[in-house]
Amino acid sequence: MKINLSVKIGKIKLKNPVMTASGTFGYAEEFNDFINLKRLGAIVTKTVTLKPHIGNLPARTCETPSGMLNSIGLENPGLEVFLKSKLPFLKKLNIPVIMSIASIGSPEEFIELAKRLNKVSAVDALELNISCPNIIGEKTLISQECEATYKTVSSVRKATNKTLITKLSPNVTCISDIAKAAQSAGSDAIALINTLSGMSIDIEKRAPKLKAVTGGLSGPAIRPVALKMVWEAYNNIKIPIIGMGGIMDTPSALEFLIAGATAISIGTANFINPKATIEIIDGLSEYLKRKKIKSAEELTGSLSHEK
Ligand SMILES: Cc1cc2nc3c(=O)[nH]c(=O)nc-3n(C[C@H](O)[C@H](O)[C@H](O)COP(=O)(O)O)c2cc1C
């Protein structure tokens, strides 16, 4: 039986629904010795800002039960270095490149980035990171308010013809309201979830384990929260959802597709098993064959439950 794993996100076609989660896969070259990168559905880069950014001071990661906390704080080389020294490698892979972008300080940076990247053909789509919980001094995230989400997404929409994905935060009261705001502002898809705010304490030192005190929780610990948010968003919006949060293997990837995700991103799993993405692509194919389902698209939102 021939299985069709391809899915569409905005204007881009992915040969399978498996992509990498921003910040957990570098700029892909770092994983070149471990997997055949050309097999991935798409690559999402580490978030890039207009100017280089050093991020937060160490310690910036620590392990937690079934997860990890990070407070990297958007460390990145900035747009110019990305274009000159990271993008050429990505371009050669011949798979969709989704560039994650963020503004530090003024939201105008988003517009500037979108305008400049609109002319860069090697970038297939932009993922707006309006949900990073690790910027010191920023009390409220754009994606924690419907109005700010709407304003930011619509101004970026006007600046680019590229496929636009908006990455949302789980640290909100009602995810569907924020997802609806992004949709009505012209986003082509939603990515969720970014990390959940959390902290951890070294009891011997009576000090926080992270220098920034708080950080973002990821990994299997957040999976049920992420899954519920994907399901809720799926029932309230029409644009595709890229689901993530604790996907470690094929069964957990399938949960997200069944809940309503069109594609999925693998994050923390990459640190534990650098081959996780490829194993999941193969696992999805095997599942579809076993269940006699012809395409990955048929799985999206196929949850059966009685009300
Ligand atoms: C070390 C680390 C760095 C991250 N950096 C970014 C980032 O730069 N931009 C972003 O949008 N998300 C970032 N994230 C969030 C992930 O992309 C993802 O949304 C989150 O970790 C949930 O997925 P997971 O549980 O599979 O890791 C980062 C996560 C981790 C663990």
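No lab work stands behind these numbers, since they all come straight from the coordinates. Nothing here was measured: the structure is a model prediction, and the numbers come from that model. Here Cβ is always computed from backbone atoms with ideal geometry, including for glycine, and neighbour counts include all displayed protein chains.
Among residues other than Lys211 with Cβ under 12 Å from its Cβ, the summed charge is +1 (Lys and Arg +1, Asp and Glu -1).
Pairs over the 32 Å Cα-Cα cut-off, from the set Lys13/Lys209; Lys11/Lys51; Lys92/Lys291; Lys15/Lys211; Lys84/Lys205: Lys13/Lys209; Lys92/Lys291; Lys15/Lys211; Lys84/Lys205. A Förster radius of 30 Å combined with the Cβ-Cβ distance from Lys38 to Ser302 puts the calculated FRET efficiency at roughly 0.55.
Local charge for Ser100 was computed over the other residues whose Cβ lies under 14 Å away, with Lys and Arg +1 and Asp and Glu -1, and equals 0.
Sorted largest first, the spans of the alpha carbon positions of the chain along the three principal axes are 54, 50, 45 Å.
Residues of the stretch 201-216 with an amide N closer than 15 Å to a point placed 7 Å from the Cα of Ser66 along the Cα-to-Cβ direction: none. Restricting the chymotrypsin sites (Phe, Trp or Tyr not before Pro) of the stretch 61-127 to loop positions (DSSP other than H, G, I, E, B) with no more than 11 neighbouring Cβ atoms within 10 Å leaves nothing. Estimated from helical segments only, the mean residue ellipticity of the chain at 222 nm is -8000 deg cm²/dmol, where each DSSP H run of four or more residues counts as -39500 (n - 2.57).
Remark: relative contact order (the stretch 82-196) = 25 percent; criterion is Cα-Cα distance under 8 angstrom and separation of 6 or more residues. Going from the residue with the fewest nearby Cβ atoms within 10 Å to the one with the most, Arg60, Arg39, Arg223 rank Arg39, Arg60, Arg223.
Projected label points at Lys92 and Met199, each 7 Å from Cα along the beta carbon direction, are separated by 4.6 nanometres.
Please enumerate, by chain and number, the aspartates and glutamates with C-alpha under 20 Å from the C-alpha of Lys115, excluding those fewer than 8 residues away in the same chain. Filter leaves Glu80, Asp124, Glu127, Asp188. Look at the alpha carbon pairs under 8 Å that are at least 6 residues apart: their mean separation over the length of the stretch 122-167 gives a relative contact order of 58 percent.
Just to be sure I understand: of the beta bridges DSSP finds with both ends in the chain, what percent are antiparallel, rounded to 5? Around 40 percent antiparallel, to the nearest 5. Roughly speaking, what is the centre-to-centre gap between the stretch 82-140 and the stretch 204-277 when only Cα atoms are used, to the nearest Å? If we compute the Cα centre of each part, the gap is 21 Å.
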